[in-house]
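First comes the structure, then the notes that go with it.
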Amino acid sequence: MTPAGRDQLQHPRFARQYLRIAAETDRRGGADHRERLLAGLSGQVLEVGAGQGRNFGHYPDAVGEVVAVEPDDTLRAAAEHTAATAPVPVTVLPGEAAELPVEDGEFDAAVVSLVLCSVTDVPAALAEIARVLRPGGELRFYEHVRSPRPWLGLLEDAITPLWRRAAGGCRPNRDTEAALRAAGYTVTRIERFEFAPSSLAPRVRHIVGTAVRP
Ligand SMILES: C[S@@+](CC[C@H](N)C(=O)[O-])C[C@H]1O[C@@H](n2cnc3c(N)ncnc32)[C@H](O)[C@@H]1O
């Protein structure tokens with residue numbers, strides 16, 4: 001990652017807010033979504049954009065190691081702290097989705113949760129994740145996406161420019177399921193549901209599922 005690219009992925013103010021918001025979201029049901037996201041995983045797992053490590057406590061015992069990549073310095077420091085008490089070994093690395101600091105075909109599975117909304121170049125990130133998965137490897141995803149309700153989708157389109165600036169690059173109007181299919185992944189399991197991440201937020205469309213590497 002170039003120093004300029006690295007700087008673009010630093011959002012210290014959002015990171016400090018997210019440390020608090022994510023705890024509330026998990027209390028409201030996010031923790032259950034993380035359980036469903038990670039159930040049945042085993043072997044070597046790569047987590048992309050791990051934040052402060054809210055998934056770490058949910059990895060099944062059959063996971064041998066998690067390599068957690070996180071570009072934001074504030075969140076990565078928190079992830080290192082969380083990793084110290086995780087039930088499976090977790091190694092935290094700096095890096096970003098479109099340029100992962102790992103070898104080809106190294107991982108049985110990759111995990112993205114609430115990340116593809118923020119990644120600048122989603123096709124590049126999905127291609128890079130495919131590079132590091134073994135043949136047949138799985139991408140597990142948990143994301144909020146554009147609403148299928150026309151009026152809510154249009155509202156999400158309208159607020160996206162401002163929201164991006166306030167929320168660490170997050171776009172509320174991404175069609176991540178379509179992006180996975182366009183990148184050649186086969187979606188083998190998907191749950192679609194409405195969920196309000198905080199008491200102040202509306203219920204918005206989320207997806208949890210599994211896709212197999214192209
Ligand atoms: C809303 S937080 C979610 C954190 C965590 N995955 C979770 O489930 O709580 C979005 C995360 O995406 C990360 N992120 C943003 N752009 C990224 C990129 N290009 N590559 C990797 N991670 C990225 C942020 O640094 C942040 O950790």
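Since every read-out is calculated from the coordinates, none of them should be taken as a lab result. These figures come from a predicted structure and were not determined experimentally. Note that we place each Cβ from the backbone using ideal geometry, even for glycine, and neighbour counts take in every protein chain shown.
See the values below:
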item	result
Given (1) of a type in the set (Lys, Arg); (2) free of Cβ contacts under 8 Å to residues at least 40 places away in the same chain; (3) away from the ligand (no atom under 14 Å from the Cβ), index of the condition residue 146 fails	(2)
Count - residues of the range 179-211 that are over 16 Å from the mean Cα position of the chain (by Cα), among the hydrophobic types (A, V, I, L, M, F, W, C) and not in a loop (DSSP other than H, G, I, E, B)	5
So residue 137, is it more than 14 Å from the ligand (Cβ to nearest atom) and not in a strand (DSSP E or B)	no
Qualifying residue in the range 26-34 (condition: within 12 Å of residue 111 (Cα to Cα) and within 18 Å of the chain's Cα centre (by Cα))	yes
Residue within the range 68-76 that is within 8 Å of the ligand (Cβ to nearest atom), within 22 Å of residue 180 (Cβ to Cβ) and either of a type in the set (Val, Ile, Thr) or touching a residue at least 40 places away in the same chain (Cβ under 8 Å) (or both) present	yes
Which listed residue is of a type outside the set (S, T, N, Q), touching a Leu at 6+ places or on another chain (Cβ under 7 Å) and either outside any loop (DSSP other than H, G, I, E, B) or surrounded by 13 or more Cβ atoms within 10 Å (Cβ to Cβ) (or both), from 23, 50, 78	78
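This table checks each residue for (1) more than 12 Å from the ligand (Cβ to nearest atom); (2) in contact with a Pro (Cβ under 9 Å, 6 or more places away or on another chain); (3) closer than 20 Å to residue 66 by Cβ.
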{"position": "1", "(1), (2), (3)": "no, yes, no"}
{"position": "9", "(1), (2), (3)": "no, yes, no"}
{"position": "17", "(1), (2), (3)": "no, no, no"}
{"position": "21", "(1), (2), (3)": "no, yes, no"}
{"position": "40", "(1), (2), (3)": "yes, yes, yes"}
